[in-house]
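Novice: Sharing a structure here in structure tokens format.
Throughout, read-outs are computed from the coordinates displayed, never taken from laboratory work. Quantities reported herein were computed from a predicted structural model and do not represent experimental measurements. Positions of Cβ are backbone-derived with ideal geometry, glycine not excepted, and every protein chain shown enters the neighbour counts.
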Number of protein chains: 2
Amino acid sequence: MARADFPPSGLVAYAPASIGNVAAGFDLLGAALAPLDGSLLGDLVHVERAAEASFQVTGPFAHALAGETRPNLALRARDLFVEAVRAGGEEVGPFAITLEKRLPVASGLGSSASSIVATLVALQALCGDPLGGSDLLGLAGRAEGLTSGSMHLDNVAPSLLGGLQLMVPGREGQPATRRLPWPSDLVVVVVHPAFRLSTAKSRGVLPPSLGWAETVEFAGNLAGLVEALHSQDRALLSRCLRDPLVEAHRAPLVPGFRAAQAAAADLGALGCSLSGSGPSVFAVAEDEGQAGAIAEAIGQAFLAAGLESRGWVCALDPEGARILPPGSPHP
Amino acid sequence: MARADFPPSGLVAYAPASIGNVAAGFDLLGAALAPLDGSLLGDLVHVERAAEASFQVTGPFAHALAGETRPNLALRARDLFVEAVRAGGEEVGPFAITLEKRLPVASGLGSSASSIVATLVALQALCGDPLGGSDLLGLAGRAEGLTSGSMHLDNVAPSLLGGLQLMVPGREGQPATRRLPWPSDLVVVVVHPAFRLSTAKSRGVLPPSLGWAETVEFAGNLAGLVEALHSQDRALLSRCLRDPLVEAHRAPLVPGFRAAQAAAADLGALGCSLSGSGPSVFAVAEDEGQAGAIAEAIGQAFLAAGLESRGWVCALDPEGARILPPGSPHP
């Protein structure tokens, strides 16, 4: 993809797309994605110091933000960053910021988290790392929360830190996450149908309260997943890689989802559920061949429901957000 | 304790007391107890083949069962065992069974689980192991569920299997548990106030439903505990060794509990909560000296609330239920 509209100096940060929830961990688990073909699946943010603040959006999904009436998330992230640095007694800015919007919005791929995290990481590097790592995570969570009403880390944490991230209780109410030991041989398929589903709508279908049995099942399933990953118990991993809590409520919002899930199960997927609040679907396969077949079958299921789609066969991105080397190609 | 009333032949099984919930894992976690002084904290069941079925209860808490109108749990366990063996095409029995009731009832120490598990383990050994290990766990869960209305494994699993047990999703709805890696240097204090609190009453104070934030906090806290144990992260362990779900509802039922908890925290306990549904309280200490001080302080808190109490300083019992060697003393 050409980036001729980027200014020639400054820094470029990349933040990967992510799967929120990862079936078992509603609001508590997230996984960063790295396509096996080496391409980048995530937004890029270019920043440089400037005489006055500016912001532009380029890239294949720039048009999707054109009708947005709220301030762009990258700008909110910038403002939170400047404010946090100022709280430490320093002044930074103004900045010229260009967001290369490469991820589809309202897709369930952590598009907003990617924009936020790439912005923060770019500004942090440009300004000489004025903030700590947990500060950045907190800022990213707050910026993400400005969309959904409360702090959610399940996309920003993996996009920032890479891997499979579990949200855990932090010191004095601070956000904290831990990287779980995801088996490196597993392959993750994500398929995005051409269909927008807002997080607000996905949250709107959830019932107001939960029963005790549901709550206990959800917690036991998530704790079982953590146990399975640490003990390398693949049978238990597969039993726990499911969503007992929200999937049933959201499935009707995504045409073709149940057929896609059934097809993935038939092909031996270890698990298959909505990515975040959907409409994207993810599945976990044991090798690349199986992953390709599952991606194809999920695409066919969406097509049968009248939706075009695009799929990626991925590992987990071990690194998370990063500054790209100057002049590097961004396939 | 004298056991002159035990017949001279047959087998004796021991099943340890246990802490249900272990703060973080309502209905999902349980820990088996082994007093550091080498004494047995749990019920004993003696079984032998007999011309006709008989059952008697002895021991220091036999009187507590005297007014019980329902069949004793040991008898229900025996009946489930005989039925399960019969389903496999074998006939066993009749048995002469003596339950030495050493645990206080309605105490939060897993007293009913101990009676059930000791009965099953004794019969299983006497009959030459006709059932599989997961069958025994399922039977124990069913026997325990006859009290509370649904299957609960959080006491029977540790009493049967030892250690800290997490309930996880099993194959085709079967019960399954995993032993979590509890640090062997930690010391567990349990203190039992002279006060009965039925599980039914403890469950009765819980609200009918839960909010999403509560559910997510509970699951994240439990998953964080599993992560902390595997990664040997003691700070995270301490942050997760708490009960965000039920403790607040049950605390008012136990006079002195909040004072006991505050005293344990002042003394540096890693965590302190109700054991199971109470009224017993447990705390986790980092060494035996600290544990002794905490046990003393919890006892003082109960005394200030008008309750005598008895405390034990324990490790986790690594083995769980077992057949005692013939003629062994049972301190």
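Novice: Counting partner chain Cβ atoms within 10 Å of every residue's Cβ in A:227-233, what's the average?
Specialist: Mean partner-chain Cβ count within 10 Å for A:227-233: 5.
Novice: Run through the other copies and list how far each one's label point is from that of residue B:327, in nm with one decimal, shortest first; the point sits 7 Å from Cα along Cα-Cβ.
Specialist: 8.8
Novice: Using only the Cα atoms of the range B:118-158, what semi-axes does the equivalent ellipsoid have when each is the square root of 5 times a gyration tensor eigenvalue? Give whole Å, largest first.
Specialist: 20, 9, 8
Novice: In what sequence do A:151, A:167 fall when counting other Cβ within 10 Å, fewest first?
Specialist: A:151, A:167
Novice: Can you check what the Kirkwood hydrodynamic radius comes to for chain A, Cα pairs only, in Å to one decimal?
Specialist: Kirkwood hydrodynamic radius for chain A: 20.0 Å.
Novice: Answer with one residue from B:204, B:118, B:246: the one whose Cα lies farthest towards the positive end of the charge dipole of chain B, charges on Cβ with Lys, Arg +1 and Asp, Glu -1.
Specialist: Most positive-ward Cα: B:204.
Novice: Any idea what the relative contact order of chain A is, in percent, if you count C-alpha pairs under 8 Å spaced at least 6 apart?
Specialist: Averaging sequence separation for qualifying contacts and normalising by length gives 26 percent for chain A.
Novice: Sticking with this structure for a sec: Given B:33, B:63, B:16, which one lies farthest toward the positive end of the charge dipole of the range B:15-163, if we put +1 on the Cβ of every Lys and Arg and -1 on the Cβ of every Asp and Glu?
Specialist: B:63
Novice: Please tell me the relative contact order of the range A:187-316 in percent, rounded to the nearest whole number, where contacts are Cα pairs under 8 Å and at least six residues apart.
Specialist: Taking the mean separation of contacting Cα pairs over the length of the range A:187-316, I get 42 percent.
Novice: Can I ask one more? What's the exposure ranking of B:116, A:298, going from fewest to most Cβ atoms within 10 Å?
Specialist: Going from least to most buried by this count: A:298, B:116.
Novice: While we're looking at this one, here's another question. Placing unit charges on C-beta atoms (Lys and Arg positive, Asp and Glu negative, everything else neutral), compute the dipole magnitude of chain A about its Cα centre in debye, rounded to 20.
Specialist: Rounded to the nearest 20 debye, it is 540 debye.
Novice: Anyone know which of A:58, A:119, A:98 comes out most mobile in the 10 Å Cα GNM of chain A?
Specialist: Among A:58, A:119, A:98, the largest GNM mean-square fluctuation belongs to A:58.
Novice: Oh, and also: Please report, in debye to the nearest 20, how large the charge dipole of the range B:187-316 is about its Cα centre when each Lys and Arg carries +1 at its beta carbon and each Asp and Glu carries -1 there.
Specialist: 500
Novice: How big is D, in µm² s⁻¹, for the range A:62-174 by Stokes-Einstein at 4 °C and 1.567 mPa s if Rh is the Kirkwood radius over C-alpha pairs?
Specialist: 89
Novice: Shielding by partners for A:135-146, please: the mean number of other protein chain Cβ atoms within 10 Å of each residue's Cβ.
Specialist: The mean count of partner-chain Cβ atoms within 10 Å per residue comes to 0.
Novice: Put a label point 7 Å from Cα along the Cβ direction on residue B:94, then list its distances to the equivalent points in the other copies in nm, shortest first.
Specialist: Result for residue B:94, in nm, nearest copy first: 9.6.
Novice: Just tell me which aspartates and glutamates come within less than 14 Å, Cα to Cα, of residue B:101; anything on the same chain fewer than 8 places away is out.
Specialist: Those aspartates and glutamates meeting the cut-off are B:5, B:43, B:68.
Novice: When A:91, B:214 are ordered from fewest to most other Cβ atoms inside 10 Å of their Cβ, what list results?
Specialist: Arranged by neighbour count, lowest to highest, A:91, B:214 become A:91, B:214.
Novice: Between A:68, A:217, A:83, which gets the highest mean-square fluctuation from a Gaussian network model of chain A, Cα cutoff 10 Å?
Specialist: Residue with maximal mean-square fluctuation among A:68, A:217, A:83: A:68.
Novice: I'd like the per residue volume of the convex hull spanned by the Cα atoms of the range B:138-223, given in cubic angstrom.
Specialist: Spread over its residues, the Cα hull of the range B:138-223 gives 161 Å³ apiece.
Novice: Another one. Distances in nm, one decimal, shortest first, from residue A:296 to the same residue in every other copy, taking the label point 7 angstrom along Cα→Cβ.
Specialist: Between copies, matching label points for residue A:296 lie 7.3 nm apart.
Novice: Shifting gears a bit: Which loop-located GluC sites (Glu not before Pro) does the range B:238-331 contain, where loop means any DSSP state but H, G, I, E or B and the Cβ has at most 16 other Cβ atoms within 10 Å?
Specialist: B:286, B:308, B:319
Novice: Hey, could you grab the Kirkwood Rh for the range B:1-117? Inverse mean 1/r over distinct alpha carbon pairs, Å, one decimal.
Specialist: 15.4
Novice: Out of all DSSP beta bridges with both ends in the protein assembly as shown, state the antiparallel percent to the nearest 5.
Specialist: So the antiparallel bridges in the protein assembly as shown amount to around 90 percent.
Novice: Against the 2.2 N^0.38 Å scaling, with N counting residues, where does the range B:187-316 land? I'd like the Cα-based Rg ratio to two decimal places.
Specialist: Relative to the rule-of-thumb radius for its length, the range B:187-316 sits at 1.06.
Novice: What does the average come to when, for each residue of peptide B:177-186, you count the partner chain Cβ atoms lying within 10 Å of its Cβ?
Specialist: Mean shielding by partner chains, rounded to a whole number: 2.
Novice: Something else about it: Put +1 on the Cβ of every Lys and Arg and -1 on every Asp and Glu Cβ in the range B:143-229; which of B:176, B:193, B:225 then has its Cα farthest towards the positive end of the dipole?
Specialist: The residue sitting farthest along the positive end of the dipole is B:193.
Novice: Another question, if that's okay. Would you kindly compute the Cα radius of gyration of the protein assembly as shown and its largest Cα-Cα separation (Dmax), both in Å?
Specialist: Every Cα atom of the protein assembly as shown included, Rg and Dmax give 28.4, 99 Å.
Novice: Now, a different point. Nearest 5 percent is fine: what portion of the DSSP beta bridges confined to chain A is antiparallel?
Specialist: Counting DSSP beta bridges with both partners in chain A, the antiparallel share is about 90 percent.
Novice: Then there's this: With +1 assigned to the C-beta of every Lys and Arg and -1 to the C-beta of every Asp and Glu, and no other charges, what is the dipole magnitude of the protein assembly as shown about the Cα centre in debye, to the nearest 20?
Specialist: 1040
Novice: I would also like to ask the following. Which one, A:170, A:289, A:141, has the greatest fluctuation when you compute a Gaussian network model over chain A with C-alpha springs under 10 angstrom?
Specialist: Looking only at A:170, A:289, A:141, the largest GNM fluctuation is found for A:170.
Novice: While we're looking at this one, here's another question. Just from its helices, what would the mean residue ellipticity at 222 nm be for chain B, if runs of 4 or more DSSP H residues each count -39500 (n - 2.57) and the sum is divided by every residue, rounded to the nearest 500 deg cm²/dmol?
Specialist: -11000 deg cm²/dmol
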